[in-house]
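What follows is a single structure, written as structure tokens, with notes after it.
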Amino acid sequence: MDHDFVLRNGRVVDPGTGRDEVTDVAFAGGKVAAIGAGLRGKADRDVSGCIVMPGNIDFHTHVYWGGTSISIDGDALARRCGTTTWLDVGSAGPGNFAGFRKHVMEVSQTRILAYLHVSHAGIFAFSPQIMVGESQDMRLMDTETCARVALANPDLIRGIKVRLGANTSGVNGIAPLFHALEAADKAGLPVMVHIDRPPPRYTDVLKELRPGDTLTHCFKPFPNAPITADGKIKDGVWEARERGVIFDIAHGKGSFDFDVAEAMLAGGFQPDIISSDVHVLCIDGPAFDNMETMSKFLYLGMPIPDIVRAVTHTPAKVLKRPDLGDLSVGSTGDATIMRVEEGRFGFTDVSNKTRTGRQRFALDSMVVGGALWHTAGQQALAAN
């Protein structure tokens, strides 16, 4: 039979189904319709030499574009990095989520899900000129409304967000976390916790997290790094992983350090999720986007199937959206197609340390909802 669209001859890397082989992927009715050799479609694309993976999920982003000063335009960035699903974590709070939903999420061509901030107005003062930590004022911790808004929007709100640290919660320390946990308990959702400079300490935050909760910015440099001065992984980090806490990279402008990453991987601790924390202050470096962050882990020696798992199957599982996590027949018809380029490529971390790699990922094309949405260098396919 002729399917709507077929990707031909790509290396299909799909950890969710255990597939890693050169074959075809067919789409019909907005879903994955078949996988196998020799598939026919009304339209097709030869992706020989490329990696075909489920749609890239960037698990930590800020895409309430036009509504918060921290946020970028997700559809525009997708054409550079291949993200098909954005998880916005805390740009909006219960006081302004309705605008996020109506004016951005519902009109976006790429998918946007959210972790709702327990702060009433989300992250409302983050820009090159103004930086005010919303968790510094406990009057903004809107626990009851946060739970109510989350329960009213279960299709889009998948968790609760809170930011902690000297920069964001100040003298309140860890206290805002307890408001987030209360809201999450009421809504039946997980929590994601941002940490910056102490207090609180990295391991003290981990002690409060439940199975399925996420510690984001998990490979931070000192202070609040997950390793000791001699490069040993802290005991509390291992204990939290054993308990089921999720560790998310969230590169951003201050949260990915090569020395820490090298020590963590050498110690046998891979991140559960690779994400960019892309926002206005890091979209032009050092984070850039999630494909750049993935390339840094490629340089670090993380196997390609493990990298793909960390941007597809694992985040989809945490989001309780298994339809986004693999290319099984009937799953959501999103796919990211990328090439591995050879050469000499410079990478920079948030501490301004540099590394030179021989490979990096580059976008070839994207399938969204079962149709070719964008190819590298052809903006018209994704015109608004």
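The values are calculated or read from the model by the stated rules, or taken from the named source; none is laboratory data. Predicted model, so just to flag it, every value in this text is computed and none were measured. Backbone-built Cβ (ideal geometry, glycine too); neighbour counts: all protein chains shown.
Brief remarks on what is shown
- Within the set Val63, Val6, the sole residue that is buried (at least 20 other Cβ atoms within 10 Å of the Cβ), β-branched (Val, Ile, Thr), touching an Asp or Glu at 6+ places or on another chain (Cβ under 6 Å) and assigned by TED's automatic domain parsing to the domain that holds Val367 turns out to be Val6.
- Residue within segment 291-304 that is within 23 Å of Asp20 (Cβ to Cβ), assigned to a helix (DSSP H, G or I) and β-branched (Val, Ile, Thr) present: yes
- Listed by position, the helices (runs of 4 or more DSSP H) contained in segment 95-198 that have at least 2 residues being closer than 24 Å to Ser255 by Cα are 175-187.
- Of the residues making up segment 305-354, just one is under 13 Å from the mean Cα position of the chain (by Cα), part of a loop (DSSP other than H, G, I, E, B) and of a type in the set (S, T, N, Q), namely Thr312.
- Qualifying positions in segment 92-120 - over 30 Å from Asn172 (Cα atoms), buried (at least 18 other Cβ atoms within 10 Å of the Cβ) and among the hydrophobic types (A, V, I, L, M, F, W, C): Val104, Met105, Ile112
- Residue in segment 228-239 that is under 28 Å from Ile130 (Cβ atoms), of a type in the set (Lys, Arg), in contact (Cβ under 8 Å) with a residue 24 or more places away in the chain and in the same structural domain as Pro154 (by TED's automatic domain parsing) present: no
- Test: residue in segment 133-141 that is over 25 Å from Cys218 (Cα atoms), assigned by TED's automatic domain parsing to the domain that holds His279 and crowded, with 17+ Cβ neighbours inside 10 Å: yes
- So His120, is it of a type outside the set (Val, Ile, Thr), in the same structural domain as Leu319 (by TED's automatic domain parsing) and over 19 Å from Leu281 (Cα atoms): yes
- Of the residues making up segment 33-57, not one is among the small types (Gly, Ala, Ser), under 30 Å from Tyr115 (Cβ atoms) and part of a strand (DSSP E or B).
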